[in-house]
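Data first, discussion second: the structure below is written as C-alpha cells.
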Amino acid sequence: MSVTGQPLWYVSTDDVTRELHLVDQQLGGILGGDSTSPDTKDLSDRYVISSLMEEAIASSRIEGASTVHRIAKEMLRRNRTPRDTHERMILNNYRAINWIRGHKDADLTPSMLLELQRMLTEGTLERPDEC
C-alpha cells in the first residue's frame, strides 16, 4: 500500500525475472553456508561488492546512461578510467554508494548532501561549475 492507502502495482519483465533468478542462485549458497567459514566470508564480500556494482549500473541506466552491462561491470572491477559520460555516471554512482555505506551512521547534513551531489555529477555535466 502507498502512504495514501492506494494499492501498488508492478510488472515483472523478463530482465527482472532473470536478475532475480541470478540473485536467488548466488544468495542461496551464501545464506546456506557456515558464516564462520573463510570461504563463505569471501563469497559474502564478493556478493555485496557485485550487488553494489549492479545497483550503480541499474541506477545510472535509469538516469540515462547507455552502455553494455558487461563492459560497465568490468570497468568497475578493474577500476578502469571511464571512456565516456555514460561510464562516468556508473563510476560516480558506484563511488557514491560506497561513500554512503561509509557514512550510514552519521547524521545527514547539508554539507554531506552537497558532497554527494558533487560526487554524482563530477565529470558528467556540460558545465562543470554546476556540480
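The values are calculated or read from the model by the stated rules, or taken from the named source; none is laboratory data. Note that this is a predicted model, so its numbers are computed, not measured. Positions of Cβ are generated from backbone atoms using ideal geometry, with glycine treated the same way; all protein chains shown enter the neighbour counts. Quick note on the areas: whole protein, heavy atoms, side chains included, nothing else; ligands and nucleic acids left out. Shrake-Rupley method; radii C 1.70, N 1.55, O 1.52, S 1.80 Å.
Overview of results
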quantity	calculated
Cα-Cα P(r), segment 67-118, percent of pairs per 10 Å interval	23, 45, 25, 7
Probe 1.4 Å - accessible area at D105, Å² to nearest ten	140
Solvent-accessible ranking of Y94, Y10, largest area first, probe 1.4 Å	Y10, Y94
Accessible surface ranking that places the most exposed of R77, R61, R70, R118 first, with a 1.4 angstrom probe	R70, R77, R61, R118
Selection from H69, W99, T109 lying farthest towards where the dipole of segment 53-131 points positive, charges on Cβ	H69
Listed residues T13, T4 arranged by accessible area, highest first, probe 1.4 Å	T4, T13
Förster radius 25 Å - calculated FRET efficiency between V11 and H103, Cβ distance, rounded to 0.05	0.15
Full-stretch length increase - D84, S111 - with 0.36 nm per residue and alpha-carbon distance subtracted	6.9 nm
Estimated FRET transfer efficiency when R0 is 41 angstrom, pair R95-S2 (beta carbons, to 0.05)	0.80
